[in-house]
There are 2 protein chains.
Amino acid sequence: MLNIAVFCSGKGTNLQAIIKTIHEKDIEAKVSLIISDKEKAYCLERAKHAKIRAIFVNPKNFPSKQKFENRIIGYLKEENIGLIVLAGFMRMLSPFFVQNYSNKILNIHPSLLPAFKGSANAVADALDYGMKITGTTVHFVDEKLDNGPIVLQRAVEIAENDNEDSLRQKIQQQEHILYPLAIQLFVEGRLKIEGRRVEINPENYNPQD
Amino acid sequence: MLNIAVFCSGKGTNLQAIIKTIHEKDIEAKVSLIISDKEKAYCLERAKHAKIRAIFVNPKNFPSKQKFENRIIGYLKEENIGLIVLAGFMRMLSPFFVQNYSNKILNIHPSLLPAFKGSANAVADALDYGMKITGTTVHFVDEKLDNGPIVLQRAVEIAENDNEDSLRQKIQQQEHILYPLAIQLFVEGRLKIEGRRVEINPENYNPQD
């Protein structure tokens, strides 16, 4: 049973979809820990309802980013976490942290990366650019922002009458399918990173091979 | 009847698809002129087979880009051209030329722009980046490379075993549908440029409104 930690700063709709899918599809994993850097984040409420350990870690209480992250790493070790899922976590992790959990951190970004890499508002960016198709990307996290190897992408059409809200909703609908699927593939050991490319194996893959 | 000029430097498979679709769908337009900057470009052969006036304009024969382009503009005027379609034309048009045919030049680029903007090998770029979805974009040409307002985009999935050739084929298949469709929308007066966005009107649109 793989223990998963979800990091979030906001509503946590992806968190909800992940919990639901793990349950429904009987995936051999458990969301064991929720970490938030925002005290009022609704994802902490969701965690409580789902009886998952939920911790607000206040960055202001730490003299440095490394000490803040060390505290988080302490919690991750307590729960024997094997996968970290960033779900609307609005804080960049340091190279120190990323190296500690190399190839074990997933993120989702509401564009077809590399489009709008690093943007805090990739949904509006796609509209402002006048794109007809945008989408969403699940990727491994490396030291650079929105840069790691891509696990899955899904396209979303932009309609004539879409505004930022309606487009964000469409993208989130796809995210609620895509993110749990990426997690399932990880849990089943089917993701193999080859340079920048992620191969998805039809059957289980043993990283020791 | 709108007269179309197609500019090409290579095989001209998009040219072929455009001629075919205009004929099959009875679009109120005619490809009246083919311009190539390469003497041996196969698109010139295609033009001859289709009994379309085809001209090789050798850039080396002109002392400046503007004189080269002025010669082309001369041919365009002779044929009363109302739309210029770039189909694998590997030469950037000057702002002088673009302003002469403002909002009357279309280009196609084998990526979901703005991804891989300006790249001469956007198909390989998508593979090298490890994308799972790429695509193709038809856009109006402005003064900057691959930058003008987007008319249509179409997504193409990248399979595990795709290489550059197989992916290029998949993208071209979509281009042969998308480019003629964009031309049809232009011919029917259904494209309205609003800043960076291109609205596609359900019915004919009179630009004088």
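Observations, loosely collected:
- Electrostatic dipole magnitude of the protein assembly as shown [Cβ: Lys, Arg +1; Asp, Glu -1; Cα centre; debye, to 20]: 640 debye
- For region A:95-187, dividing the convex hull volume of the Cα atoms by the residue count gives 82 Å³ per residue.
- Three semi-axes of the equivalent ellipsoid, the protein assembly as shown, Cα gyration tensor, whole Å, largest first: 50, 21, 19
- Options B:Pro59, B:Asn14, B:Phe96, ranked by Cα towards positive dipole end of region B:1-101, top entry (Cβ charges): B:Pro59
- Relative contact order [Cα under 8 Å, 6+ residues apart], chain B, whole percent: 18 percent
- Long-range Cα-Cα pairs in region B:1-101 (distance over 17 Å), rounded percent: 48 percent
- Gaussian network model of chain B, springs between alpha carbon atoms under 10 Å - residue of B:Ser64, B:Ser119, B:Ser36 with greatest fluctuation: B:Ser64
- Bins of 5 Å from zero: percent of alpha-carbon pairs in region A:51-100: 5, 15, 31, 31, 15, 3, 0
- Largest mean-square fluctuation among B:Ile105, B:Ile133, B:Ile55, in a Gaussian network model of chain B whose springs join Cα atoms under 10 Å apart, belongs to B:Ile133.
- Taken across both chains, chains B and A shield about 2300 Å² of accessible surface from a 1.4 Å probe.
- When the pairs A:Lys25/A:Lys67; A:Lys60/A:Lys170; A:Lys11/A:Lys65; A:Lys25/B:Lys132; A:Lys51/A:Lys132; A:Lys51/A:Lys170 are compared against a 32 Å limit on Cα-Cα distance, A:Lys25/A:Lys67; A:Lys60/A:Lys170; A:Lys51/A:Lys132 fall above it.
- Accessible surface of region B:1-89, 1.4 Å probe, proportion on carbon and sulfur as whole %: 47 percent
- Using just its DSSP H runs of length 4 or more, each adding -39500 (n - 2.57), chain B gives a mean residue ellipticity at 222 nm of -10500 deg cm²/dmol after division by all residues.
- When both bridge partners sit in the protein assembly as shown, DSSP labels roughly 45% of those beta bridges antiparallel.
- At a threshold of 40 Å², the residues of region B:116-131 that become less accessible to a 1.4 Å probe in the full protein assembly than in their chain on its own are B:Tyr129, B:Gly130, B:Met131.
- Centre separation in Å (Cα based) which lies between region A:1-56 and region B:43-99: 60 Å
- What separates the Cα centres of region B:114-157 and region A:100-174 is a distance of 16 Å.
- Chain A: C-alpha pair distances exceeding 31 Å, %: 17 percent
- Projecting 7 Å from Cα along the Cα-to-Cβ direction, the label point of A:Glu28 sits 6.5 nm from its equivalents in the other copies, listed shortest first.
- Measuring with a 1.4 angstrom probe and ignoring ligands and nucleic acids, A:Thr21 comes out at about 30 Å² accessible.
- Considering only B:Lys117, B:Lys38, B:Lys51, the Gaussian network model of chain B with Cα springs below 10 Å gives its largest mean-square fluctuation to B:Lys51.
- Diffusion coefficient, µm² s⁻¹, Stokes-Einstein with Kirkwood Rh over alpha-carbon pairs of region A:86-130 at 10 °C and 1.306 mPa s: 132 µm²/s
- Beta bridge orientation in region A:67-197: antiparallel %, DSSP, nearest 5: 75 percent
- Burial of accessible area (probe 1.4 Å, heavy atoms of protein chains only) in region B:155-202, relative to its chain alone, reaches at least 50 Å² for B:Glu160, B:Arg196, B:Arg197.
- Surface accessible to a 1.4 Å probe, per residue, for the residues of region A:1-157, Å²: 45 Å²
The values are calculated or read from the model by the stated rules, or taken from the named source; none is laboratory data. Since the structure is predicted, the reported quantities are computational estimates derived from the model, not experimental observations. Glycine also receives a Cβ, built like all others from the backbone with ideal geometry; neighbour counts cover every protein chain displayed. The area values use the complete protein model at the heavy-atom level, side chains included, leaving out ligands, DNA and RNA. Shrake-Rupley method; radii C 1.70, N 1.55, O 1.52, S 1.80 Å.
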